[in-house]
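Below you'll find the structure, written out as structure tokens, and then a few comments.
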Amino acid sequence: MKPLVVYVDDEPMNLTVFEAAMPEEWEIQVFDSPLKALDALTKLNPCIVVSDQKMPGMVGVNFLEIVKRTHPSTKRVIATGYSEEDLVVDSIRKAGVHDYIKKPWDVEDLIHRLKSVMETYNLEKELFEKNSLLEKQNKDLQKMTEDLKQAKAIEEQARKELEAWAPPFVLSAIQSNSFKFPMRRDLALICFDIINSSETHDITIDGASVRSVILKGFSESVLRQGGWRESHAGDSAYAHFGLLESTSNPVESALATATEFRSFLRALNLKHGLKIECGIGLHLAKDVSINLHEIEIQTLRGTIKQKSFDSTSPDVDLVHRLESFTHQLPGSNVAISESFAKLIIDKLPQAKDLGNFQLKGQKALTKIYLKASDQVTEQQITEIKEKSAANSDSPDKKTA
């Protein structure tokens, strides 16, 4: 499309000369009155508007001042046969003209000056288009940035939610690309069970069953010390320490959990006037097998996978037997295996060596240490030790 140049002059000869002199690559439209030009300009988008100053009805400066408002990007040029400094100042101030041409003009000079104005128009148009493109790109970039922020926020929320469901050692293994199942680890095991749990079934605290409150207290203690609650069933739960390499001393962590959990139970009873006690077992299990269980099925929605893991060892049963052993004593007591106790005996100054017992399901005798509650008497400790001695001497080895 040819660039459009508009010329307004009340003298027909000037219009004819101007139109004939302009380059062929320009489209020229001439008008013999400002009013006709303004009416036509509602449908035109000229690059340059040249106007004579002295015209009946409206002078050029006033006409170009209107053009400035209606077509701000159009270049405006004033032409006059009079030398008026005030006109130059007024035309620049009011109409923002880009050139001032004296009549009669020299054709070559006129064309040269209008080409210069056209170059300015084209440069400004190109700059405007580039700025518009940059603004659009900037808006697109801002939108992309906001979309990325939103996506990142959603991803972060999803990651945190997944971390709440996935065991910490699984996340650690994913990050280090060290998934190798089955894996074998030495684990410090802990479990608890509510003693006489049937008596607690109807008790609630702030709308929650007391069993769920106790499970939550146990789980929080485990997580704080870097362990993982692997399972729970009704009134009991089982956890372990040692899957995460960041847990420097699993045995100390498990002992700290047992101590914290007993403090939690004591505070719960005092606050709510309860008498709920739990048996707690601690054991160090060597070379425990950590097995992965994976199920994969094909559905109309695509492949669905489910993964889970568990720790498998006769020692897992042993820690539950240790916990059950404490039910014969009042209060919340902690039964500790020899493998566990010998690594931390200096931190168990009040732990009592009860001797060896034949626990159900265990082939060999189990040496048990007791971290007793304040409700256990010396007489009760003595009686249990006597049972231990009787078990050790008896060829039948009655099960405790």
Practice item. Would you check if ALA267 is exposed (fewer than 15 other Cβ atoms within 10 Å of the Cβ), out of contact with any Pro (no Cβ under 8 Å at 6 or more places or on another chain), at pLDDT 95 or above and in the same structural domain as PHE192 (by TED's automatic domain parsing)? Key: yes
Check your understanding: Given the conditions (1) under 16 Å from ILE280 (Cα atoms); (2) outside any strand (DSSP E or B); (3) free of Cβ contacts under 8 Å to residues at least 40 places away in the same chain, which single one is not true for LEU354?
Key -> (2)
Review point. Could you say which residue among ILE154, ILE92, ILE101 is under 15 Å from ALA79 (Cβ atoms) and out of contact with any Ser or Thr (no Cβ under 9 Å at 6 or more places or on another chain)?
Key: ILE92
Exercise for review: Out of the residues in the range 62-111 that are touching a helix residue (DSSP H, G or I) at 6+ places or on another chain (Cβ under 8 Å), among the β-branched types (Val, Ile, Thr) and at pLDDT below 90, state the one that is farthest from GLU25 (Cα to Cα).
Suggested key: THR80
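For every residue, the table says whether it meets (1) over 43 Å from the mean Cα position of the chain (by Cα); (2) without any contact (Cβ under 8 Å) to a residue 12 or more places away in the chain; (3) loosely packed, with under 14 Cβ neighbours inside 10 Å.
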position: VAL107; (1), (2), (3): yes, no, yes
position: LEU134; (1), (2), (3): no, yes, yes
position: ASP147; (1), (2), (3): no, yes, yes
position: ILE154; (1), (2), (3): no, yes, yes
position: ILE190; (1), (2), (3): no, no, no
position: ILE195; (1), (2), (3): no, no, no
Exercise for review: Please specify each residue of the range 330-358 satisfying the condition of being among the hydrophobic types (A, V, I, L, M, F, W, C) and crowded, with 22+ Cβ neighbours inside 10 Å.
Suggested key: VAL334, ALA335, ILE336, PHE340, ALA341, PHE357
Review point. In this structure, does THR247 turn out to be touching a strand residue (DSSP E or B) at 6+ places or on another chain (Cβ under 7 Å), assigned by TED's automatic domain parsing to the domain that holds LEU370, at pLDDT 95 or above and hydroxyl-bearing (Ser, Thr, Tyr)?
Key: no
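The values are calculated or read from the model by the stated rules, or taken from the named source; none is laboratory data. Everything numeric here is computed off the predicted structure, so don't read it as measured data. When we count neighbours, we look across all protein chains shown, and the Cβ atoms used for this are built from the backbone with ideal geometry, even at glycine.
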